[in-house]
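One structure is given below, encoded as structure tokens.
Just so you know, all these numbers are worked out from the coordinates, no wet-lab data involved. All figures in this text were calculated on a predicted structure; none of them were measured in a lab. As a convention, Cβ positions derive from the backbone with ideal geometry for all residues, glycine included, and neighbour counts pool all protein chains shown.
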Amino acid sequence: MTEKNFIIAGFGGQGVLLAGEVLANAFMLAEKHVTWYPSYGAEMRGGTVNCEVVMSDDDVSEVNKADADFIVALNQASFDKFVSKIKTGGWIIVNSTLAKESKPRNDINYLFAPITKLAENVGNVKMTNILALGLLAKASNLVSLSSLEQALDNVIPPHRKNLLPLNIKALKIGYEYDLLATQV
């Protein structure tokens, strides 16, 4: 397997960095080489936040790459900023609750899902980030659901462990979402 690059992006408060940390931890559990590179503006909550996760069977070559294999865009600003960074044949997973469905490129794969709305149905809008990880896991076929579940347990701080069952539920809903129904 070659190196794969992931970007998760949204606004501050959506748990973008936590999602990236969980993804990186899941890859480590699968004995992959991995880096996690956060990037956020001074605004914090409400400002633009993204992180890059690079996974490889061998040493990771670099971070802050020019392009990505998979991008999760949790809002419109993230979609607009990162759609041009996707490699030909790559994927963008878009939160259609907060971003309009448009396909400015014909050389990439689009997955539009109402991620925030699905998280509300789980019972907590703050599960949007973890639900998106479930979608990413299914679309990429590069990380297992069990690795992500274990990574959630590893990464969630002790004072938030009560939210672990809800996070796992959100992860499973994302993973079980019908990907074929969302593609055109």
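Scanning the stretch 55-102 for residues that are of a type in the set (Ser, Thr, Tyr) and more than 12 Å from Gly10 (Cβ to Cβ), which turns out surrounded by the fewest Cβ atoms within 10 Å (Cβ to Cβ)?
So in the stretch 55-102, the residues of a type in the set (Ser, Thr, Tyr) come out as 56, 61, 78, 84, 88, 96-97, 102.
Pick out the ones that are also more than 12 Å from Gly10 (Cβ to Cβ) and you get 56, 61, 84, 88, 96, 102.
Values: Ser56: 17, Ser61: 12, Ser84: 10, Thr88: 8, Ser96: 16, Ser102: 13.
My answer is Thr88.
Would you pick out the residues in the stretch 87-98 that are in a loop (DSSP other than H, G, I, E, B) and among the β-branched types (Val, Ile, Thr)? Walk me through how you get there before you give the answer.
Going residue by residue through the stretch 87-98, those that are in a loop (DSSP other than H, G, I, E, B) are 96-98.
Once the filter is applied, which keeps residues that are in a loop (DSSP other than H, G, I, E, B) and among the β-branched types (Val, Ile, Thr), the stretch 87-98 yields only Thr97.
Give all pairs with beta carbons closer than 8 Å in which a residue from the stretch 69-87 that is at negative phi meets a residue that is among the aromatic types (Phe, Trp, Tyr) and part of a helix (DSSP H, G or I); count only pairs at least 6 apart in sequence or on separate chains.
If the second residue must be among the aromatic types (Phe, Trp, Tyr) and part of a helix (DSSP H, G or I), the pairs left are Ile71/Phe82; Ala73/Phe79; Ala73/Phe82.
Residue-by-condition table, conditions (1) of a type in the set (Ser, Thr, Tyr); (2) over 24 Å from Ser144 (Cβ atoms); (3) out of contact with any Lys or Arg (no Cβ under 6 Å at 6 or more places or on another chain):
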{"site": "Val53", "(1), (2), (3)": "no, no, yes"}
{"site": "Ser56", "(1), (2), (3)": "yes, no, yes"}
{"site": "Asp59", "(1), (2), (3)": "no, no, yes"}
{"site": "Gln76", "(1), (2), (3)": "no, yes, yes"}
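Can you pull out the residues in the stretch 20-33 that are crowded, with 20+ Cβ neighbours inside 10 Å and in contact with a Ser or Thr (Cβ under 9 Å, 6 or more places away or on another chain)?
Ala24, Asn25, Ala26, Phe27, Lys32
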